[in-house]
Amino acid sequence: MENVLTKFDNYKRTWSVKAELPIEFTLKYSSDVLNVNNHDLLSFGESNRRLVVIDETVYKLYGEQLETYFKTFQVELELFVVDATEENKDWHQTDEILKFFEFSGVLRREAIIVIGGGVLLDLVGFCCSIYRRGIPYVKVPTTLLAIVDASVGVKVAANHFGRRNRIGAYYPPIATLLDKKFIATQDERNIVNGIAEIFKLALIKDKELFELLETSAEQLITEKFQFGAVPVRVINSAITGMIEELAPNLWEKKLDRCVDFGHSFSPIIEMQNMDTLQHGEAVVLDCLLSSCLANIRGYTDMETIQRIFKTANSLKLPVFHKDFCDFELLKKSLSDTMKHRNGNQYLPVPVGIGNYKILNDVTDEEIKKASDLFEGIYYE
């Protein structure tokens, strides 16, 4: 018996497994993506059919054109139309999309093409990440917000437990096609909602982009990003800035991220006001409150704070909401966010315009003062 035990004692008891997952995907402009002269939607996979998940509103506007596109090339189309709203970004809708995959008999080599805004891109990406442990997909964002935000990141998710994006994964697409012509059919509020994410990035990271928003606000909104060089510069700068920040940290191993600017106090407030407050609107209100916090800390002077609020207002972004003056709610919101940041605040605030600091020691008193300043500027 001793000899047998001795033999087992010599066996290896610990193994280490180390692997790296290569990530590479392309974002590219694709002017008039549904034009029959454009082959982008046909260039993914070897199958002679395409499985498309499309937002209901987008389908009403572009469904006939989409079907004509695939019919022209004699490609079989399997289509699933989704009412993609923040309220419906839940487990029930997730299950419905998974049923579409299952009943269509999707092969693992067939890329799902998802056409819609950020909610649908998130939700379908999440479904693709868990179905058969991962099937490929292609993003075609149709809103300004999705073009400058969801198109770049690899986070996919569904809402759960009354919280935004509480279940999800990191799962990149194989490609993203960017077509700003879709923005032309958005209403003004939704265009402004997309501008909010550009405003966030400009304020924290890109002074030149901020100045471009300052001087071109009316043009961007009234012309819906369709004409001239300015909208292209704005979108290019926003996407480039996002890639610079996200690409080295796609799996968020580093949690002190400047792109979380605007996402510290807003998530719970947004969920509590889904019927009246859109995502970009909640983000920009958080940015304004965090800018007030920067002033309390002495990082940004009052003249700059006034300039920030004025620019937000000229972009038709909201500059006040009562819940951002609710001290107890702000504390609750930040506390919930800290769980996502491993118990740290990691609260980005602007230093002037175009630079930032990340704070991890903000006190309740400072939050209260920032909230009072936020409210005071509105009532000036």
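Observations on the structure shown:
- Positions within the stretch 21-47 being of a type in the set (A, V, I, L, M), surrounded by 11 or more Cβ atoms within 10 Å (Cβ to Cβ) and assigned to a loop (DSSP other than H, G, I, E, B), in sequence order: ILE23, VAL33, LEU34, VAL36
- Test for ASP83: is it under 19 Å from the mean Cα position of the chain (by Cα) and loosely packed, with under 15 Cβ neighbours inside 10 Å: yes
- Scanning the stretch 42-72 for residues that are at pLDDT 90 or above and closer than 20 Å to LEU178 by Cβ yields a total of 13.
- From GLY228, GLY194, residue being closer than 19 Å to GLY116 by Cα and either not assigned by TED's automatic domain parsing to the domain that holds ALA282 or not hydrophobic (A, V, I, L, M, F, W, C) (or both): GLY194
- Check on ASP372, under 24 Å from LEU277 (Cα atoms), loosely packed, with under 15 Cβ neighbours inside 10 Å and out of contact with any strand residue (DSSP E or B) (no Cβ under 7 Å at 6 or more places or on another chain): yes
- Some residue of the stretch 169-176 being among the polar types (S, T, N, Q), crowded, with 18+ Cβ neighbours inside 10 Å and in a strand (DSSP E or B): yes
- Condition check for GLU375: farther than 15 Å from SER290 by Cβ and either assigned to a helix (DSSP H, G or I) or charged (D, E, K, R) (or both): no
- Unique residue being crowded, with 19+ Cβ neighbours inside 10 Å, assigned by TED's automatic domain parsing to the domain that holds ASP260, touching a strand residue (DSSP E or B) at 6+ places or on another chain (Cβ under 9 Å) and in a helix (DSSP H, G or I) when the list is LEU288, LEU293, LEU330: LEU293
- Any hit, the stretch 112-127, residues being surrounded by fewer than 20 Cβ atoms within 10 Å (Cβ to Cβ), more than 15 Å from the chain's Cα centre (by Cα) and more than 19 Å from LEU66 (Cβ to Cβ): no
- Some residue of the stretch 289-309 being in contact (Cβ under 8 Å) with a residue 60 or more places away in the chain and touching a Phe, Trp or Tyr at 6+ places or on another chain (Cβ under 6 Å): yes
- Test result for VAL75, under 23 Å from LYS180 (Cα atoms) and touching a residue at least 12 places away in the same chain (Cβ under 8 Å): no
- First in the stretch 119-134 and among the polar types (S, T, N, Q), second anywhere and buried (at least 24 other Cβ atoms within 10 Å of the Cβ), Cβ under 6 Å, 6 or more apart: SER129/VAL156
- Restricting the stretch 177-197 to residues that are among the acidic types (Asp, Glu) and assigned to a helix (DSSP H, G or I), the residue that is surrounded by the fewest Cβ atoms within 10 Å (Cβ to Cβ): GLU188
- The lone criterion from (1) farther than 21 Å from LYS200 by Cβ; (2) in contact with a strand residue (DSSP E or B) (Cβ under 8 Å, 6 or more places away or on another chain) left unmet by ASN360 is number (1).
- Summed over the stretch 334-357, residues that are assigned to a helix (DSSP H, G or I) and more than 19 Å from ILE204 (Cβ to Cβ) total 4.
- For VAL259: the one exception among (1) modelled with pLDDT of 95 or more; (2) buried (at least 20 other Cβ atoms within 10 Å of the Cβ); (3) β-branched (Val, Ile, Thr): (1)
- Selection status of LYS200, crowded, with 21+ Cβ neighbours inside 10 Å and either in contact with a Lys or Arg (Cβ under 7 Å, 6 or more places away or on another chain) or under 26 Å from PHE25 (Cα atoms) (or both): yes
The values are calculated or read from the model by the stated rules, or taken from the named source; none is laboratory data. In this text, all values refer to a predicted model and were calculated from it rather than measured experimentally. In this analysis, Cβ positions are derived from the backbone assuming ideal geometry, glycine residues included, and neighbour counts consider all displayed protein chains.
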